[in-house]
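Undergrad: Questions regarding the structure given below will be posed in turn.
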Amino acid sequence: MPKPSTAALPTDAALPANYEVALQELEALIARMDAGELPLDALLVSYQRGAVLLQFCRDKLQAVEDQVKVLEDGVLKPWKTP
């Protein structure tokens, strides 16, 4: 019996260049998954890649938040909206 193919989007693929690229790829993955047209193996691989991208985005956001804290003398201040 042949093995099912699991090669679609490797979870260990290179990380995106930046937050915006990661978010764009994540949104595209979600759209394909929501369409319900992916075979089960591809759905699993897409989910795993999405988890990697989500963690990447969270890490980037945390790094920015940490930088803002430093710039604000260690106190996180609320954003002022115009």
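The values are calculated or read from the model by the stated rules, or taken from the named source; none is laboratory data. Predicted model only: the values in this text are computed from it and were never measured. Using ideal geometry, Cβ is built from the backbone for each residue, glycine included, and neighbour counts are taken over all protein chains shown.
Undergrad: Taking GLN62, is it modelled with pLDDT under 95 and surrounded by 10 or more Cβ atoms within 10 Å (Cβ to Cβ)?
TA: Numbers: modelled with pLDDT under 95: yes; surrounded by 10 or more Cβ atoms within 10 Å (Cβ to Cβ): yes.
Yes, satisfied.
Undergrad: Report every pair of residues separated by at least 6 positions or lying on different chains whose Cβ atoms are under 6 Å apart, first residue within the stretch 59-71 and farther than 19 Å from LEU23 by Cβ, second exposed (fewer than 11 other Cβ atoms within 10 Å of the Cβ).
TA: Listed by first residue and then by second, the contacts come to LYS69/LEU76.
Undergrad: Still on this structure, please answer the following. Looking at this structure, is ALA13 modelled with pLDDT under 95, in contact with a helix residue (DSSP H, G or I) (Cβ under 9 Å, 6 or more places away or on another chain) and not hydroxyl-bearing (Ser, Thr, Tyr)?
TA: yes
Undergrad: Those residues that are in contact (Cβ under 8 Å) with a residue 12 or more places away in the chain and either hydrophobic (A, V, I, L, M, F, W, C) or assigned to a loop (DSSP other than H, G, I, E, B) (or both), I need them from the stretch 21-37; list them, please.
TA: Let us first name the residues in the stretch 21-37 that are in contact (Cβ under 8 Å) with a residue 12 or more places away in the chain, namely 22-23, 25-26, 29-30, 32-33.
ALA22, LEU23, LEU26, LEU29, ILE30, MET33 - these are the residues of the stretch 21-37 that are in contact (Cβ under 8 Å) with a residue 12 or more places away in the chain and either hydrophobic (A, V, I, L, M, F, W, C) or assigned to a loop (DSSP other than H, G, I, E, B) (or both).
Undergrad: Sticking with this one: Please determine whether any residue of the stretch 52-70 is over 9 Å from the mean Cα position of the chain (by Cα) and part of a loop (DSSP other than H, G, I, E, B). Quick ask: steps written out before the conclusion?
TA: Within the stretch 52-70, the subset over 9 Å from the mean Cα position of the chain (by Cα) is 59-70.
Now restrict to residues that are part of a loop (DSSP other than H, G, I, E, B): none.
So far as the stretch 52-70 goes, no, none of its residues is over 9 Å from the mean Cα position of the chain (by Cα) and part of a loop (DSSP other than H, G, I, E, B).
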